[in-house]
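Data block below; observations after.
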Amino acid sequence: MSTLGAFRKKPDDMGLLGKIGFYFILILGALASVFPFYWMFVVASNDKGAVFHVPPLLTLGDQFIDNFKRVLEKSDFFQAIGNSLFVSSMVTISVVFFCTLAGYAFAKYEFPFKNILFYFVIATLFVPQQLGVLPTYVIMAKLHWIDSFKALIVPAMVNAFGIFWMRQYISTAVHTELIEAGRIDGGGHFRIFWNIAIPVITPAMATLGILNFMTVWNDFFWPLVVLKSREHYTIQIALQQLFTTRDGIDYGMIMSATFTATLPLLVVFLLFSRWVIAGLTSGAIKS
């Protein structure tokens, strides 16, 4: 009996060891993900020579406020944060709305040359972004939109990845029977889209919103091309201006600004992540 009992305990022991190993790997991955942010805050809270310290400093200092005060003296930091929030929010709202509409049309409607148009949209993903900079800049100049937020928002209101993402999700998540039932009940095209499709595809919309917001927030090249005046700078351009100093690069000041500029991204990511989970649970269909 004791031998049988020992054999019976082995699967439980293996399961316990597997759980310990699994959580150990998760903890290591979490620490590896958090460490760059922690080290950035360590450098931000010390003097400008802390980044060159050997071995690297791992203890927090007491100069974060002083470093951030120098950021406020040399740049319009909070105005740049507000500009980035405005541009990123407007672009994200428009991308989610228009890409969802286009994806819904490609997934659930039949019209001439539908597949050809969809393949054409997918083909634009293979075109490097740099090839479109010159013609887009010429169009913005002719519209007199240079050095304005319209030059950042309007060209980015819809993108090929968003259309592809929403089309693929809607094709599998929104059943044709639900749409036909809505038509039988007298619902119009937009009402069916709003009341039937939107509640089901909320997770995909939230995911697209997260990805697009982060992309626009981190965009540096296009704002650098079209923005000329200081009051229109986004946060990435404002951070770049901190590198242009005569006294050398102050890494403590730069890291304090970078750490603070990262916080809105983390907040938005956490909020949208909860929305994704809520959408997955509320959009489930019980059989």
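Write down the Kirkwood hydrodynamic radius of the stretch 30-175, to one decimal in angstroms, obtained as one divided by the mean of 1/r over all alpha carbon pairs. The partial results should precede the final answer.
Details: mean 1/r = 0.0508 Å⁻¹.
With all distinct Cα pairs of the stretch 30-175 included, I get 19.7 Å.
Place a point 7 Å from Cα of residue 243 in the direction of its Cβ. Which residues in the stretch 35-55 have their backbone N less than 19 Å from it?
40-41, 43-44, 48-52
If each DSSP helix of 4+ residues adds -39,500 (n - 2.57) and the sum is divided by the residues in the chain, what number results at 222 nm, nearest 500 deg cm²/dmol? Show your work: numbers first, answer last.
Numbers: 13 runs with 199 residues, N = 287.
Mean residue ellipticity, 222 nm, calculated: -23000 deg cm²/dmol.
Tally Lys and Arg at +1 and Asp and Glu at -1 over the other residues with C-beta under 13 Å from the C-beta of residue 77: what net charge comes out? Numbers along the way, then the final one.
Numbers: positive: 69, 70, 74, 230; negative: 73, 76, 231.
My count for the surroundings of residue 77 gives +1.
How far apart, in nanometres, would the label points at residue 32 and residue 158 be if each is projected 7 angstrom from Cα along the Cα-to-Cβ direction?
4.1 nm
Given +1 on the Cβ of Lys and Arg, -1 on the Cβ of Asp and Glu, and no further charges, what dipole in debye does the chain carry about its Cα centre, rounded to the nearest 20?
Numbers: 20 positive and 16 negative charges, 108 e Å.
About 520 debye.
With all protein chains present and a 1.4 Å probe, how do 93, 170 order by accessible area, largest first?
Numbers: 93 105, 170 0 Å².
Most to least solvent-accessible, the answer reads 93, 170.
How far is it, in nm, from the label point at residue 263 to the one at residue 114 when both lie 7 Å from their Cα along the line to the Cβ?
If labels sit at residue 263 and residue 114, their model points lie 4.9 nm apart.
Could you give the longest part of the chain that holds none of the trypsin sites (Lys or Arg not before Pro) found in DSSP loops with at most 12 neighbouring Cβ atoms within 10 Å?
Numbers: sites that count: 228, 246, 286.
Longest stretch, sites excluded: 1-227.
Bin width 5 Å, origin at 0, all Cα-Cα pairs of the stretch 11-61: what percent of pairs per bin?
That works out to 5, 19, 17, 13, 11, 9, 9, 7, 6, 3, 1, in percent per bin.
Could you work out the relative contact order of the chain? I mean the mean sequence separation of Cα pairs under 8 Å and 6+ apart, divided by the number of residues, in percent. Provide the component values of the computation, followed by the final result.
Values: 274 pairs, mean separation 88.7, N = 287.
31 percent.
With no solvent and one equal point scatterer placed on each C-alpha of the chain, evaluate the Debye formula and give log10 I(q)/I(0) for q = 0.07, 0.08, 0.10, 0.14 Å⁻¹, two decimals.
-0.42, -0.54, -0.77, -1.12
How large is the accessible surface per residue of the stretch 86-139, computed with a 1.4 Å probe and reported in Å² as a whole number?
Details: 3350 Å² over 54 residues.
Result: 62 Å² of accessible area for each residue.
Note the full-extension length gain between residue 47 and residue 198 as 0.36 nm times their separation in residues minus their Cα-Cα distance, in nm to one decimal. Mind showing how you got there, number by number?
Details: separation 151, 0.36 × 151 = 54.36 nm, distance 5.07 nm.
Taking 0.36 nm per residue and subtracting the Cα distance, the gain is 49.3 nm.
How far apart, in nanometres, would the label points at residue 122 and residue 147 be if each is projected 7 angstrom from Cα along the Cα-to-Cβ direction?
Inter-label distance under the simple model: 4.4 nm.
Where in the chain are the DSSP H helices whose C-alpha atoms run 27 Å or more along the long axis and whose mean Kyte hydropathy is at least -0.5? Can you show the working numbers first?
Values: long enough: 2-44 (61 Å, 0.99); 77-108 (46 Å, 1.38); 251-282 (46 Å, 1.49).
Span-like helices here: 2-44, 77-108, 251-282.
If you roll a 1.4 angstrom probe over the protein chains with everything in place, what fraction of the accessible area of the stretch 65-145 belongs to carbon and sulfur, to the nearest %? All intermediate terms of the calculation are to be shown ahead of the outcome.
Numbers: 3630 of 5010 Å².
Heavy-atom surface of the stretch 65-145 belonging to carbon and sulfur, 1.4 Å probe: 72 percent.
With Cβ to Cβ distances under 15 Å as the rule, what net charge do the other residues near residue 171 carry (K, R +1; D, E -1)? List each step's numbers first, then the result.
Values: positive: 108, 114, 167; negative: 110, 177.
Neighbourhood net charge equals +1.
The values are calculated or read from the model by the stated rules, or taken from the named source; none is laboratory data. This is a predicted model, so every value here is computed, not measured. Using ideal geometry, Cβ is built from the backbone for each residue, glycine included, and neighbour counts are taken over all protein chains shown. Each accessible area value is taken on the protein alone, full model and side chains, heavy atoms only, with ligands, DNA and RNA left out. Shrake-Rupley method; radii C 1.70, N 1.55, O 1.52, S 1.80 Å.
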